[in-house]
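Beneath this line is the structure, given in structure tokens, with notes to follow.
The values are calculated or read from the model by the stated rules, or taken from the named source; none is laboratory data. Bear in mind that the values here come from a model prediction, so they are computed numbers and not experimental data. Heads up, the Cβs are rebuilt from the backbone with ideal geometry, glycines too, and the neighbour counts pull from every protein chain shown.
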């Protein structure tokens with residue numbers, strides 16, 4: 001009998017499971033279990049099994065999905081797994097703790113860029129390979145004029161649909177790639193998942209309040 005723990009890896013999609021599709025950018029399509037097995041040391045640390053639970057972008061996860069994941073995790077434990085790892089996450093608890101108020105949905109085009117195999121520099125990894133969202137190249141550098149225009153057009157102040165939303169400081173209109181896919185415009189607010197974002201943020205606020213009261217030491221890790 002193996003002394004190593006048995007771990008089930010449930011893959012849900014998201015950035016970690018994404019691969020580039022020409023003209024669109026990165027979309028969830030990979031089995032993270034296969035990726036994890038390539039990490040040095042994993043095979044020695046645990047007996048790893050995996051299951052593709054979902055292949056969706058993070059904003060498309062629903063509460064039904066979360067309930068299904070809970071059932072899958074319980075099923076894995078009942079079948080003999082010592083632990084379950086779900087490859088889907090969020091920075092919301094840390095952002096609440098630090099009082100983050102975002103001007104931009106993420107760091108795309110700001111502190112985060114993506115480089116395609118041909119050397120073109122895109123707004124982020126999900127836009128890599130999309131000429132429409134290229135703002136420079138490895139050989140010539142970033143086109144600061146294009147970058148500046150992008151940051152101006154995508155600032156939360158330009159998204160009037162978001163101005164009355166209480167979750168705006170955390171969401172800031174959401175993912176630019178999601179907006180591009182759904183509306184054909186990366187600067188558009190992601191109205192298709194507003195209800196989900198508000199529900200998720202409310203859940204995180206509830207969890208944060210419980211942690212602050214019952215286990216404040218957990219939150220101390222975010223002070224570094």
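Would it be correct to say that residue 213 is outside the structural domain of residue 62 (by TED's automatic domain parsing) and within 22 Å of residue 62 (Cβ to Cβ)? Break it down into steps so the answer makes sense when it comes.
Numbers: outside the structural domain of residue 62 (by TED's automatic domain parsing): yes; within 22 Å of residue 62 (Cβ to Cβ): no.
The answer is no for residue 213.
Per-residue answers, yes or no, for (1) at pLDDT 95 or above; (2) in contact with a strand residue (DSSP E or B) (Cβ under 8 Å, 6 or more places away or on another chain); (3) farther than 30 Å from residue 206 by Cα; (4) assigned to a helix (DSSP H, G or I):
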| residue | (1), (2), (3), (4) |
| --- | --- |
| 150 | no, yes, yes, yes |
| 157 | no, no, no, yes |
| 161 | no, no, no, yes |
| 164 | no, no, no, no |
| 170 | no, no, no, yes |
| 174 | no, no, no, no |
| 178 | no, no, no, yes |
| 181 | no, no, yes, yes |
| 186 | no, no, yes, no |
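For the range 100-111, how many residues meet the condition of being free of Cβ contacts under 8 Å to residues at least 24 places away in the same chain and under 16 Å from residue 179 (Cβ atoms)?
Quick first cut of the range 100-111, residues free of Cβ contacts under 8 Å to residues at least 24 places away in the same chain only: 107, 111.
Remaining after also requiring under 16 Å from residue 179 (Cβ atoms): 107.
The number of residues fulfilling the criteria is 1.
Any idea which residue in the range 183-222 is farthest from residue 149 (Cα to Cα), counting only those that are more than 18 Å from the chain's Cα centre (by Cα) and touching a residue at least 60 places away in the same chain (Cβ under 8 Å)?
Across the range 183-222, the extreme among qualifying residues is 211.
Run residue 97 past the list (1) in contact (Cβ under 8 Å) with a residue 24 or more places away in the chain; (2) surrounded by 15 or more Cβ atoms within 10 Å (Cβ to Cβ); (3) in contact with a strand residue (DSSP E or B) (Cβ under 7 Å, 6 or more places away or on another chain); (4) not assigned by TED's automatic domain parsing to the domain that holds residue 54 and report the number of the one that doesn't hold.
Among (1) in contact (Cβ under 8 Å) with a residue 24 or more places away in the chain; (2) surrounded by 15 or more Cβ atoms within 10 Å (Cβ to Cβ); (3) in contact with a strand residue (DSSP E or B) (Cβ under 7 Å, 6 or more places away or on another chain); (4) not assigned by TED's automatic domain parsing to the domain that holds residue 54, residue 97 violates only (3).
Inspect the range 149-160 for any residue being under 20 Å from the mean Cα position of the chain (by Cα) and under 30 Å from residue 212 (Cα atoms) and give the result as yes or no.
Checking the range 149-160: at least one residue is under 20 Å from the mean Cα position of the chain (by Cα) and under 30 Å from residue 212 (Cα atoms).
Could you please find all residues in the range 80-121 being closer than 26 Å to residue 33 by Cβ and modelled with pLDDT of 85 or more?
80, 81, 82, 83, 84, 114, 117, listed by residue number.
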